[in-house]
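The values are calculated or read from the model by the stated rules, or taken from the named source; none is laboratory data. Every value quoted in this text rests on a predicted model; they were computed, and no experiment measured them. Cβ placement follows ideal geometry from the backbone for every residue including glycine, while neighbour counts extend to all protein chains displayed.
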């Protein structure tokens, strides 16, 4: 769960640090005080895209840091390992995000730099965000299908994975088949190009280490004058009067004359004689090198090397960063040429593969669709029951699953059915809020308040399906009042038994239900606007709930009402 959040120079927040605990946290305050800004900061920690608009005026960067306490067996630990991040032994995870005024973003997890993609992948396991925008997403058929699959993950997971693997193979081969079938002119041009490329690489007669050898040889030639001079001086040092050879010859002669009198002198004499012959051998080799450099390295050789390197450089620009890559590309050309030149045989092979894959695909997608329809009936009943708890006692809810015809689809029961990466199913949440009204698609009938309660019902169901420890609701109770508001408060409290919940709310019923109450206020100091957040004690909670009840003035009546709300909330929580 989220233990601590620190924010600096983020929008109108100059500096803020707040601690969180377990269960239900409510964040309240006047409109525009900065409540949603805090949620924005948490969403950035979870991997959302940032903007320079978040950086406070005259600040070089905005900084957000969050401390999470993660159980040892939590799925996020596997995601950390996959990303190359050491799993913390103490379970504490520090996530840091910096937004620079230049537009760049820096992400760190336990001090280690990570990409935004890695942060988003890991953040997915830490925080789940629900806002009015996510509630509107509930109207999308794709989102509805995703929610159904999430509900049935334990039952669908294996089948969905097997289907996805077969579909990817089927789709890839179908694309290849269609490409060969309809692009005759393009294939002819491609064939000419591949033959030209193959011929160009083949004529070059490349060898893997050739470039390095040529570069070394070119360097020798370029510095041959300096090399010859150095070698000549070394040869002269050996050969001149009083040179190394003459001095060693003199010393060995002296020792030879006395070596028979002492074993140690004899040993030194023999070793020096050996060194003398080695030196003489070195002198001969140096002499040979001088002649080789004088004779072997000519302008013609330089030109030949430069011409060869030019050919290699030209091929590198077209086919790969090095000779190995060029040769590898040549091998792929050969394979593709073989396929194109034997197109008809290849088409027959692809057609055969498609036929077998389509049969497997039909088996898997039929099983997947059957399982979804069974789960849809089950989830429809569960959501209806949840809606009854949320003061929608007469609401009807039904998950409809249909397929679409498509002339390019797969054949099922004598019909061509559209198929994609999710299968053949199109999900539609059907809803009727009142008795006697027919079921209609959710996007045709539901009000904002009804959508909020449906989303909360779905979330309450799915809360038991995942391991995400922290859920955030940003004004999800918009458009709700009266008994429905109390029902939402009770549902949030029930979810908070197993999850850490943060909720921004304008409803006093929800605020009263919170285990922890934070007041967010906008203040002005020295003509500068900033946001601050404070944990409310019991007396301050009464005052804030009085304000939320609508009283400009806090009267004894509103105080009494606020205290009654708090007492009723406490009584409800004790009964959970």
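Can you name every residue in region 6-31 that is out of contact with any helix residue (DSSP H, G or I) (no Cβ under 7 Å at 6 or more places or on another chain) and part of a strand (DSSP E or B)?
6, 8, 9, 14, 15, 16, 17, 18, 19, 25, listed by residue number.
Take residue 151 and decide whether it is surrounded by 15 or more Cβ atoms within 10 Å (Cβ to Cβ), closer than 20 Å to residue 463 by Cα, assigned by TED's automatic domain parsing to the domain that holds residue 38 and touching a residue at least 12 places away in the same chain (Cβ under 8 Å).
Judged against the criteria, residue 151 is not a match.
What number of residues within region 97-116 are surrounded by fewer than 21 Cβ atoms within 10 Å (Cβ to Cβ) and in contact (Cβ under 8 Å) with a residue 40 or more places away in the chain?
Final tally of qualifying residues: 6.
So for region 523-531 (the condition being under 23 Å from residue 127 (Cβ atoms), assigned to a strand (DSSP E or B) and at pLDDT below 90), does at least one residue qualify?
Within region 523-531, one or more residues are under 23 Å from residue 127 (Cβ atoms), assigned to a strand (DSSP E or B) and at pLDDT below 90.
Residues to consider are 392, 430; find the one that is farther than 19 Å from residue 149 by Cα and in contact with a helix residue (DSSP H, G or I) (Cβ under 9 Å, 6 or more places away or on another chain).
392
Tell me which residues, restricted to region 55-84, are within 30 Å of residue 529 (Cα to Cα) and surrounded by fewer than 21 Cβ atoms within 10 Å (Cβ to Cβ).
Across region 55-84, the qualifying residues are 56, 57, 58, 59, 60, 61, 63, 65, 67.
Could you give every pair whose Cβ atoms fall below 6 Å, whose first residue belongs to region 32-46 and is part of a loop (DSSP other than H, G, I, E, B), and whose second residue is surrounded by 20 or more Cβ atoms within 10 Å (Cβ to Cβ), counting only separations of at least 6 or pairs across chains?
Sorted first by the residue in region 32-46, then by its partner, the pairs are 33/520; 34/520; 34/531; 46/123; 46/127.
Counting only residues that are crowded, with 17+ Cβ neighbours inside 10 Å, give me the helices (runs of 4 or more DSSP H) lying completely in region 421-500 with at least 3 of them.
The helices (runs of 4 or more DSSP H) meeting that bar are 448-462, 482-495.
List the number of the failed condition for residue 433; all other conditions in (1) over 30 Å from residue 504 (Cβ atoms); (2) touching a residue at least 12 places away in the same chain (Cβ under 8 Å) hold.
(1)
Quick one: residue 411 ticks every box in (1) touching a strand residue (DSSP E or B) at 6+ places or on another chain (Cβ under 8 Å); (2) surrounded by 15 or more Cβ atoms within 10 Å (Cβ to Cβ) bar one, so which box is it?
Looking at each condition in turn, residue 411 falls short on (2).
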